[in-house]
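K.L.:
Dropping the structure in here first, questions after.
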Amino acid sequence: MKHTISVLVDNKPGVLARISGLFSARGFNITSLAVGETNDPTVSRMTIIVSAEDRILEQVQKQLHKLIDVISVSDLTKRDYFERELVLIKVNMARTTKQKLTKLLDKFSATILSSSKQGAVVEVVGDNKEISKVVKLLEAVGIKELVRTGRIAITS
Amino acid sequence: MKRTGAQILVDSLLREGVRVIFGYPGGSVLPLQDVLYDTPMDVILVRHEQGASHAADGYARATGKVGVCMATSGPGATNLVTGLATAHMDSIPMVAITGQVKTHLIGNDAFQEADVTGITRPVTKHNYLVKDISELACIVKEAFHIASTGRPGPVVIDVPVDIQMQTIEAEFPEKVCMRSYKPTITGHPGQIKRAAKMISQSKRPIIYAGGGIIIADAHEELLELAVKINAPVTTTLMGLGGFPEDNDLSLGMLGMHGTVYANNATMESDLIIAVGARFDDRVTGKLDSFAPNAKIIHIDIDPTSLSKNVRVHVPIVGDAKNILTALNKVVKKPETKKWHAQINEWKKKYPLTYKTKGKKISPQYVVEQIYKVTKGDAIICTEVGQNQMWAAQYFNYTKPRTYISSGGLGTMGYGLPAAIGAKLGRPDKMVFDIAGDGSIQMNIQELATAVANKINVKIAILNNGYLGMVRQWQELFYKRRYSMTPISGPDFVKLAKAYGAEGMRIKKKEDVKKAIKEAMAIPNTVIMDFIVEEEANVFPMVPAGEAINRMIGGMA
Ligand SMILES: Cc1ncc(C[n+]2csc(CCOP(=O)(O)OP(=O)(O)O)c2C)c(N)n1
Ligand SMILES: [Mg+2]
């Protein structure tokens, strides 16, 4: 099962290496990882998505907590929370137009950042489901390049 | 007053109460060496940085204080790595200071540069690269705090040489303030109550005690609990000395080379009270069949140890001394008469034995004689292999900090430098290194350290001409195809003398006792080269991957 783990850490060099080292040394697989400063510049928040059974997950959380630079660890999966990811997609425009594209993306929170004959750049924000839908739609049109931020999450 | 980085480092060490530092010099620690030149600290020059790390570790294990070592950048620092990993696996409080290239050269593949924080991250509890002299005093304070609290471990402080030379108005923090590091000390009262209830209802309880007993200084509380509830106690290799083995309740060590009765009792128990132990694979054997009818109470300061390998019914996170004290206040004695009758039967039926006939010296006999001659009043360090296991089996440990051995990592070459560290920490004690002829060659250069600093240790080589433990596995599981395990060595007697130590060779059984007595009387480091039975085995033994009551060998 996928879990969304939110980790507050000291904003120091080496912390990311410690955390990724922990995951690789113990053979835990990270699906998604996003890091950024919080409103307190000495603290960063990491949102880590891992796919693991409950027993492994418990170990992951404890191991994270054991790291000296980690302030708190919480599994958001069992709580009410919002999860978002931002994706930038470069779309092939050979078989479509900006107008058609706008219509296609109508129901999503998507913005066309630029558009030319070479291609259009689309920005999409949403939860995992919405992003998957958009990606699927655009795959039919033709995707040249795709970048995602990794998911971030916050409790409601 | 303005102080240099190197001065601040040394001042900080003194403030932490450091008396001894083991180290080796080099270009990136020259400023530090210069300050150490006139400190009241003992500065012990080793002959290899690995020796410094093990000596600091041995010092820590013998005293309970933080062991300190230092090395220069690059190769000096990488030579410490095995010692850090050894200390990390066994939760030993240690601080290692490494020199680093100048701040502006970091990342440039400078001469003798190594990414020390990167290399040591997985084998330390924490590490620091000092980038600003103003942080130095604080970092040292934190490092000692982290190394010695919670589940202890080694901490590395990597200090660029320019930071050692810069000056600043020195300020020393009185306290550490870390928002992210607060180990749990007191156990949850509700959990302690549940544990007490479970104990009073048990019929076949067993206490399984690990190194945590020794680290937490909880041996008295453990004894009190055992007596109070009249439960047998088995210890891990790391727990040896945590419970007096001359007590009737002692079952000795459990696990791969444990006693039959300790393993049987563990397997048949209905309640395991685990204290400061981590259900390591050398202890549990085949996990699926481990103690099938037992409920488990697990007391440990490290939450990651709980429910890691086995399912625990009552986990209690906290300091063992604290929790046992609380538990002792509420616990009631269960009815265990039948259980003890069963255990006594096993004890009678399956005592620890070895071959005593034959002309050659049995290695077990040597250990037994060291026990007899010292009357158990000694610190026994070991190398790794059969020597380590025989030293565990045939010496009766009754006090904490008397069996010093690389348990988790199994580092050959650990024993001699650890013995040097232990002797410096406990000069009042007779310190032995029970060694194998293979292992002793891995850090033999530290003989020079011992002799030069008049640190008298007694090295008993159980010389079987083999990397014996590996040979034993080949004998049992690889059709006696002794690939890579016959090993030769130098003439250890001549070698000892060349280093300025004393050497003796013992070939006859009847000379063993006399030699030990003689060695103890010599005011110098001594190598006793015991030529022992070549193909003696460590028995009993649980073959890898088997349940721990499926033991082979040694059952007369
Ligand atoms: C540094 C290191 N290398 C290899 C091993 C694997 N190993 C474990 S025991 C052993 C043999 C030790 O031989 P010796 O020191 O003669 O002890 P004996 O078993 O003969 O008593 C070896 C090679 C190890 N534990 N540590
Ligand atoms: Mg040998």
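K.L.:
Out of segment B:323-385, which GluC sites (Glu not before Pro) are coil in DSSP terms and have no more than 14 other C-beta atoms within 10 Å?
P.N.:
Answer in residue order: B:GLU335.
K.L.:
Mind giving me the FRET efficiency for A:SER72 and B:ASP132? R0 is 30 Å, r the Cβ-Cβ distance, nearest 0.05 is fine.
P.N.:
Computed FRET efficiency for A:SER72 and B:ASP132 comes out at 0.65.
K.L.:
Separate question: Counting only protein heavy atoms, what percent of the accessible surface of segment A:82-155 is carbon or sulfur at a 1.4 Å probe?
P.N.:
54
K.L.:
Next up: Quote the relative contact order of chain A in percent (integer), defining contacts as alpha-carbon pairs under 8 Å separated by 6+ residues.
P.N.:
The value is 28 percent.
K.L.:
Excluding residues on the same chain fewer than 8 positions from A:LYS133, give the lysines whose Cα lies under 25 Å from its Cα.
P.N.:
Filter leaves A:LYS2, A:LYS78, A:LYS90, A:LYS98, A:LYS100, A:LYS103, A:LYS107, A:LYS117, A:LYS144.
K.L.:
Hey, how many Å between the Cα centroid of segment A:110-156 and the Cα centroid of segment B:19-98?
P.N.:
54
K.L.:
From the backbone phi of segment B:451-466, what are the Karplus-calculated ³J(HN,Hα) couplings (6.51 cos²θ - 1.76 cosθ + 1.60, θ = phi - 60°) in whole Hz, Gly and Pro given as x?
P.N.:
After applying 6.51 cos²θ - 1.76 cosθ + 1.60, I find 5, 4, 9, 6, 9, 8, 10, 10, 9, 10, 7, 8, 7, 10, x, 9 Hz.
K.L.:
Another question about this same structure. Give the carbon-plus-sulfur fraction of the accessible surface of segment B:2-169 in %, rounded to a whole number; probe 1.4 Å, heavy atoms of protein chains only.
P.N.:
52
K.L.:
Relative contact order for chain B: what percent, with Cα pairs under 8 Å and sequence separation of 6 or more?
P.N.:
14
K.L.:
By accessible area of protein heavy atoms, probe 1.4 Å, what ranking do A:LYS144, B:LYS347 get, highest first?
P.N.:
Solvent-accessible surface, decreasing: A:LYS144, B:LYS347.
K.L.:
Is segment B:182-290 rounded, prolate or oblate when judged by the Cα gyration tensor, a ≥ b ≥ c being the square roots of its eigenvalues, rounded requiring a/c under 1.5 and prolate requiring a/b larger than b/c?
P.N.:
It is rounded, given that a/c, with a ≥ b ≥ c, falls under 1.5.
K.L.:
Another question, if that's okay. Please list B:PHE290, B:PHE172 in order of solvent-accessible area, largest first, computed with a 1.4 Å probe with all protein chains present.
P.N.:
Descending accessible area places them as B:PHE172, B:PHE290.
K.L.:
What is the gain in length, in nm to one decimal, between A:LEU88 and A:SER132 on full extension, counting 0.36 nm per residue of separation less the C-alpha to C-alpha distance?
P.N.:
Using 0.36 nm per residue and subtracting the Cα-Cα distance, I get 14.6 nm.
K.L.:
When the helix-only estimate is applied to chain B (DSSP H runs of n ≥ 4, each -39,500 (n - 2.57), divided by the residue count), what is the mean residue ellipticity at 222 nm, nearest 500 deg cm²/dmol?
P.N.:
Taking each H run of at least 4 residues, the total per residue is -10000 deg cm²/dmol.
K.L.:
Give, ordered by residue number, each residue of segment B:118-141 whose 1.4 Å probe accessible area is reduced by a minimum of 30 Å² on adding the remaining protein chains to the chain alone.
P.N.:
B:ARG121, B:HIS126
K.L.:
If you count only protein heavy atoms and use a 1.4 Å probe, how large is the accessible surface of B:LYS197, to the nearest 10 Å²?
P.N.:
Near enough 130 Å² of accessible area.
K.L.:
Give a quick list of GluC sites (Glu not before Pro) in segment B:129-178 that DSSP marks as loop, anything other than H, G, I, E or B, with at most 16 other Cβ atoms within 10 Å.
P.N.:
Loop-located and lightly packed - B:GLU171, B:GLU174.
K.L.:
Moving to a separate point now. Only Cα pairs under 8 Å and at least 6 apart count here; give the relative contact order of segment B:110-173 as a rounded whole percent.
P.N.:
Normalised by residue count, the contact order of segment B:110-173 is 38 percent.
K.L.:
Let me ask you something else. How much accessible area per residue does segment B:166-241 have, in Å², with a 1.4 Å probe?
P.N.:
That works out to 49 Å² for each residue.
K.L.:
Also, I was wondering about something else. Averaged over peptide A:66-78, how many Cβ atoms belonging to another chain are found within 10 Å of each residue's Cβ?
P.N.:
3
K.L.:
Can you list the GluC sites (Glu not before Pro) in segment A:1-92 that are in a DSSP coil and have 14 or fewer other beta carbons within 10 angstrom?
P.N.:
A:GLU53
K.L.:
Heavy-atom accessible area per residue, segment B:363-531, 1.4 Å probe: how many Å²?
P.N.:
38
K.L.:
Return the long-range amide H neighbours of A:LYS144 (sequence gap of 5 or more, or a different chain), with a cut-off of under 5 Å between placed amide H atoms.
P.N.:
The answer is A:LYS90, A:VAL91, A:ASN92.
K.L.:
If we count every other residue with Cβ under 10 angstrom of B:GLY358's Cβ, Lys/Arg +1 and Asp/Glu -1, where does the sum land?
P.N.:
+4
K.L.:
I'd like the interface area for chains A and B: accessible area of each alone minus the complex, both sides summed, 1.4 Å probe, protein heavy atoms only. What is it in Å² to the nearest 100?
P.N.:
Result for this pair: about 1500 Å² buried.
K.L.:
With charges only on Cβ, +1 for K and R and -1 for D and E, what is the dipole size of chain B about its Cα centre, in debye, rounded to 20?
P.N.:
2180
K.L.:
Still on this structure, please answer the following. Say the cut-off is 26 Å between C-alpha atoms; which of B:LYS321/B:LYS458; A:LYS12/B:LYS65; B:LYS454/B:LYS514; B:LYS65/B:LYS197 go over it?
P.N.:
From the list (B:LYS321/B:LYS458; A:LYS12/B:LYS65; B:LYS454/B:LYS514; B:LYS65/B:LYS197), the Cα-Cα distance tops 26 Å for B:LYS321/B:LYS458; A:LYS12/B:LYS65; B:LYS65/B:LYS197.
K.L.:
Along Cα→Cβ, 7 Å out, is where each label goes; now give me the distance between the ones at A:ILE143 and B:MET165 in nm to one decimal.
P.N.:
5.4
K.L.:
Against the longest principal axis of chain A, how steep is helix A:54-66, in degrees 0 to 90 to the nearest 10, with axes from Cα atoms?
P.N.:
70
K.L.:
Please list B:TRP473, B:TRP390 in order of solvent-accessible area, largest first, computed with a 1.4 Å probe with all protein chains present.
P.N.:
Final ranking, largest accessible area leading: B:TRP473, B:TRP390.
K.L.:
Lys/Arg Cβ at +1, Asp/Glu Cβ at -1, dipole of segment B:398-556 taken about the Cα centre: which of B:VAL451, B:GLY408, B:VAL542 is farthest positive-ward?
P.N.:
Result: B:VAL451.
The values are calculated or read from the model by the stated rules, or taken from the named source; none is laboratory data. Everything numeric here is computed off the predicted structure, so don't read it as measured data. In this analysis, Cβ positions are derived from the backbone assuming ideal geometry, glycine residues included, and neighbour counts consider all displayed protein chains. The accessibility values were calculated without ligands, DNA or RNA, using every heavy atom of the protein model including side chains. Shrake-Rupley method; radii C 1.70, N 1.55, O 1.52, S 1.80 Å.
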